[in-house]
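See below for the structure under consideration.
Since every read-out is calculated from the coordinates, none of them should be taken as a lab result. As the structure is a prediction and not an experimental result, all values here were calculated from the model. Counting neighbours? That spans all protein chains shown, and the Cβs are built from the backbone with ideal geometry, glycine included.
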């Protein structure tokens, strides 16, 4: 089932992507300023290139002041055109940055929902491989150079029969748009190069009948050791999902739980992605919104804590992880401090530099104590649990 660490990771990914688009939007805004103060080569009047260059620099500095403070420095006596061009560039920058930020959050949420589709795709692949097994067993002439036992096969497996007959799974396959019409070559390749060459599956096919425990055991083996580990299906899933490495653990868990319930049709149940998707969606959206809204204040907290560091020297991923952790520490009173810190340490270890886990740990440990003493961090309910 969907866990909070994955949701935290998605928030960090959205904020990281937002920062990259923010930097790109600033460069586009500077390009607009360059264009506004470029010499008019078609004009018959002389062009004062030095003056234009000076105004361009002033407009660029004013843009950065607007980005940082929302207004230019009050002591600047700027030409009206400089202010006008800088404000126009800033408005375009702000508009695009807001839009891009919203797109990044929607994208990671869609990626998260697609985990369920890939889970259904894995179950569907098992069904399709059983069809390949049936065709293979019905073939009259065996390959003499590669004979294969046909006393039983994936198509005679009781767990597979439950999957095939279940209407809810059939509906989910259709609803999630899972189709193998254009992937038959892949299925044949998985069957030939992965399933038929597996020694445990071959041993299973040598017996004409099986207990429910044996049926369950071979299905679990095919799932774990073939579909999710063999290079042929693995390459297919990785090409479909950029974040397959992150998502595969959850897909594996959902599939294992579902298949264990498929010993008979009365116990079969598709494992849900989450208990409450709306709550999970809100958690990601709220984390991202708070970091964007409170980012400047978090810079102050971090700047005070890292007196011997410049924030620009900190890896961007680490900085986003720290800010996202601060958002959770301060604005989610029901989550214990130690839970938040430990979760973001693990995210830093996985997605940033080798030393990032210790760095994030050190900063958050000290900063959380300080902010709690100042009353900035206030926990209630389950958030009061001290998970040392």
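Is the C-alpha gyration tensor of the range 1-138 telling us rounded, prolate or oblate? Criteria: a/c under 1.5 is rounded; beyond that, a/b larger than b/c is prolate, otherwise oblate.
prolate
So for the range 84-166, considering every pair of alpha-carbon atoms, how many percent are separated by more than 22 Å?
In whole percent, the share of Cα-Cα pairs in the range 84-166 beyond 22 Å is 59.
Work out how much length residue 342 to residue 179 would gain on full extension: take 0.36 nm times their residue separation and subtract the Cα-Cα distance, in nm to one decimal.
Answer, rounded to one decimal: 54.6 nm.
How many nm is it between the label spots at residue 217 and residue 110, if each spot is 7 Å from the Cα in line with the beta carbon?
So the label points at residue 217 and residue 110 sit 4.5 nm apart.
If you compute Rg and Dmax of the Cα atoms in Å for the structure shown, which of [x] 28.7, 95; [y] 20.5, 68; [z] 27.4, 84 do you land on?
Answer label, from the structure shown: [x].
Pairing the Cα long axis of helix 80-138 with the longest principal axis of the chain, what angle in degrees results, from 0 to 90 and rounded to the nearest 10?
The helix 80-138 is inclined about 0 degrees to the chain.
What ranking, highest mean first, results for peptides 358-368, 232-242 when packing means the other Cβ atoms within 10 Å averaged over each residue?
For the peptides 358-368, 232-242, the packing ranking is 358-368, 232-242.
Compute the semi-axes of the equivalent ellipsoid of the range 113-260, taking the square root of 5 times each eigenvalue of the Cα gyration tensor, and list them largest first in whole Å.
25, 17, 15
On a full-extension model of 0.36 nm per residue, what is the gain between residue 229 and residue 141, subtracting their alpha-carbon distance, rounded to one decimal in nm?
28.6 nm
Could you work out the relative contact order of the chain, using alpha carbon pairs under 8 angstrom and six or more residues apart, expressed as a whole percent?
Computed value for the chain: 18 percent relative contact order.
Measuring from a point 7 Å past the Cα of residue 208 along Cα-to-C-beta, which residues in the range 132-173 have an amide N at less than 19 Å?
Only 134, 137-140, 148-158 pass the distance filter.
Expressed as cubic angstrom per residue, what is the convex hull volume of the alpha carbon set of the range 294-340?
Dividing the Cα hull volume of the range 294-340 by its residues yields 75 Å³.
With the contact rule set at Cα under 8 Å and sequence spacing of 6 or more, what percent relative contact order holds for the range 4-107?
Computed over the range 4-107, the figure is 41 percent.
Label points 7 Å out from Cα along the Cβ direction at residue 41 and residue 286: separation in nm?
The modelled label-to-label distance comes out at 5.6 nm.
Using square roots of five times the C-alpha gyration tensor eigenvalues, list the equivalent-ellipsoid semi-axes of the range 277-384 in whole Å, biggest first.
Three semi-axes, in Å: 21, 16, 14.
Working out 0.36 nm times the residue gap between residue 188 and residue 304, then minus their Cα-Cα distance, what length gain in nm do you get to one decimal?
Stretched out fully, the residue 188 to residue 304 stretch lengthens by 35.7 nm.
By how many degrees, 0 to 90 and rounded to 10, does the Cα axis of helix 231-240 deviate from the longest principal axis of the chain?
Helix 231-240 sits roughly 40 degrees off the main axis of the chain.
So how tilted is helix 4-36 from the main axis of the chain? Cα-based, degrees 0 to 90, rounded to 10.
40
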